[in-house]
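Here is the structure we will look at, set down as structure tokens.
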Amino acid sequence: MKNNQVLHINVDVYEDLNFLEDSDRSLLLKAIEISESAYAPYSNFLVGAALELSCGEIITGSNQENVAFPSGICAERTAFYYAGANYPNSKIVKVAVTAHSKQFDVNYPVSPCGACRQVMYEYESKQDSPIKVIMMGASGQVRIMQSIADLLPFTFNESSLKKY
Ligand code: THU
């Protein structure tokens, strides 16, 4: 026997950042600003992430590459790990992610990589409240999703390790 399952996810698409609510737009502008600090001599792809915490703090991070490729880290994980280390009792309310390239126009909303989705999902499930995700390239549309879980269906999560 076979079942077919269709998943529905909610994605809000805005024509550009001018259509966003003020707090989302200002977080995205922080992500754009920090993307300039990326150390990305190998990919020339500069990513910025900005987090809004429940205590009101804004945490930012950019990608940091390494000549031994796997040793580098994405912008999202730079910011999430900093928040986890320095604000362990605050919740992460939103994350804005953006990227630009030195070689081409990133005119589509950049999407977090699989490893970052897994890491961000850990924080979302630990705090038991959704993290809104705001995504943009260097220009063009902004994509907003209401939770990391929407970005990562069929998660590998804590219950996967339990034997019932
Ligand atoms: N990168 C990020 O910082 N975040 C992502 O979600 C996707 C990829 C970085 C990693 C690497 O430094 C560069 O972008 C190219 O993959």
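The values are calculated or read from the model by the stated rules, or taken from the named source; none is laboratory data. Computed from a predicted model, the values in this text were never measured in an experiment. Glycine gets a Cβ as well: all are built from the backbone with ideal geometry, and neighbour counts include every protein chain shown. Calculation scope for accessible area: heavy atoms of the full protein, side chains included, ligands and nucleic acids excluded. Shrake-Rupley method; radii C 1.70, N 1.55, O 1.52, S 1.80 Å.
Among the residues of segment 68-106, those identified as open to solvent by 60 Å² or more (accessible area, probe 1.4 Å), over 17 Å from the mean Cα position of the chain (by Cα) and more than 12 Å from the ligand (Cβ to nearest atom) are Ala85, Asn86, Tyr87, Pro88, Asn89, Phe104, Asp105. Only residues that are within 19 Å of Ile148 (Cα to Cα), among the charged types (D, E, K, R) and open to solvent by 60 Å² or more (accessible area, probe 1.4 Å): list them for segment 10-40, please. Selection gives Asp12 alone.
Scanning segment 116-164 for residues that are open to solvent by less than 50 Å² (accessible area, probe 1.4 Å), hydroxyl-bearing (Ser, Thr, Tyr) and part of a helix (DSSP H, G or I) yields Tyr121, Tyr123. Taking the condition within 16 Å of the ligand (Cβ to nearest atom) and open to solvent by less than 10 Å² (accessible area, probe 1.4 Å), does Ser43 pass? Against the criterion (within 16 Å of the ligand (Cβ to nearest atom) and open to solvent by less than 10 Å² (accessible area, probe 1.4 Å)), Ser43 does not qualify.
Looking only at residues in segment 107-125 that are touching a residue at least 40 places away in the same chain (Cβ under 8 Å) and hydrophobic (A, V, I, L, M, F, W, C), which one is nearest to the ligand (Cβ to nearest atom)? Only one residue tops the list, namely Cys116. What pairs can you find where one residue is in segment 78-99 and assigned to a loop (DSSP other than H, G, I, E, B), the other is away from the ligand (no atom under 11 Å from the Cβ) and open to solvent by 10 Å² or more (accessible area, probe 1.4 Å), and their Cβ atoms are less than 6 Å apart, with a gap of 6+ or different chains? Between residues of segment 78-99 that are assigned to a loop (DSSP other than H, G, I, E, B) and residues that are away from the ligand (no atom under 11 Å from the Cβ) and open to solvent by 10 Å² or more (accessible area, probe 1.4 Å), the close pairs are Ser90/Ser54; Ser90/Cys55; Lys91/Ser54; Lys91/Gln127; Lys91/Ser129. Note on segment 49-67: among residues that are open to solvent by 50 Å² or more (accessible area, probe 1.4 Å) and either within 11 Å of the ligand (Cβ to nearest atom) or without any contact (Cβ under 8 Å) to a residue 12 or more places away in the chain (or both), the one that is farthest from Cys113 (Cα to Cα) is Gly56.
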